[in-house]
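Here, each number is a calculation from the coordinates, and none is a lab measurement. Values in this document were obtained by computation on a predicted structure and should not be read as measured data. In this analysis, Cβ positions are derived from the backbone assuming ideal geometry, glycine residues included, and neighbour counts consider all displayed protein chains.
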Amino acid sequence: MSQYSEEISRILSNAKVFVFGENNSRLEYAIEYFYKLNHERRIIIIISAIVSAILFLLFMLIFYFLGMYFLQNNLNKAYSNTLALNNLKPSYMAVQDKFLVLINNLKNDNANISLANILETTAIEKGVQTSGFPDKPITSQLPSQSPFAEQFKKVSIDFKISNVSLKKLMEYINAIEDLPNKFVVSKLDVQSLTDAKLYFDVSITVDGVIPSVKQEL
């Protein structure tokens, strides 16, 4: 501590010598010069010094209040942002809870499924003729930006629907996408029309997700 005090004293002493000179020689010279001036010039110097001091004081006050103004603005903005975040927190937590419920439901519903069996069973319920199911669906990694990428893999299966009306086809697609497994019909190609042009042969692709820790189906 004493070392720092000595250093500060040395700096102040050097500054004093620089401004006032050795043994205040510059200060004495300035005072002597001032008193040698006539009365009018001394009045001008005194007034100039007072005006300069007032202007300097005003400048410092303006600088201080501007600093306080900007500081207050920043504090107000920070408070507003914090308040907005606090107001959003319940909504975020509600969405987060729903997302976690969805994750858990998907893990439970899709853990040991046979995608082909589910699609065939749904087709029978809707009176739709299906064929061409592969032995295993195609599995692949989900895009890295997907919120499901760390815990799930994408599963896709291609098959055919024969001699189906537009109404039956839409009922079947809606039934697939309404399942709790969250399947999606990602591709639909009309292969041919019957002579009556009321029934179609269709190639269809259904996508879903399965937990990454489970064996591919």
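Under 5 Å between amide H atoms, partner at least 5 residues away or on a different chain: which partners does PHE152 have, H built in plane at 1.01 Å?
The answer is SER212.
Which value, in debye to the nearest 20, describes the size of the charge dipole of the range 115-211 about its Cα centre when Lys and Arg Cβ atoms bear +1, Asp and Glu Cβ atoms bear -1, and nothing else is charged?
60
What FRET efficiency comes out for the pair SER80/SER186, r = Cβ-Cβ distance, R0 = 41 Å, nearest 0.05?
Taking R0 as 41 Å, the efficiency between SER80 and SER186 is 0.40.
From the C-alpha coordinates alone, can you work out the Kirkwood hydrodynamic radius of the range 115-211, in Å?
One decimal place: 14.1 Å for the Kirkwood radius.
Once amide H atoms are built 1.01 Å from N in the peptide plane, which residues 5 or more positions from VAL209, or in another chain, come under 5 Å H to H?
VAL155
Count the lysine pairs in the range 36-170 whose Cα atoms sit under 23 Å apart, keeping only pairs 8 or more residues apart in sequence or on different chains.
Taking the Cα cut-off of 23 Å, the pair count is 15.
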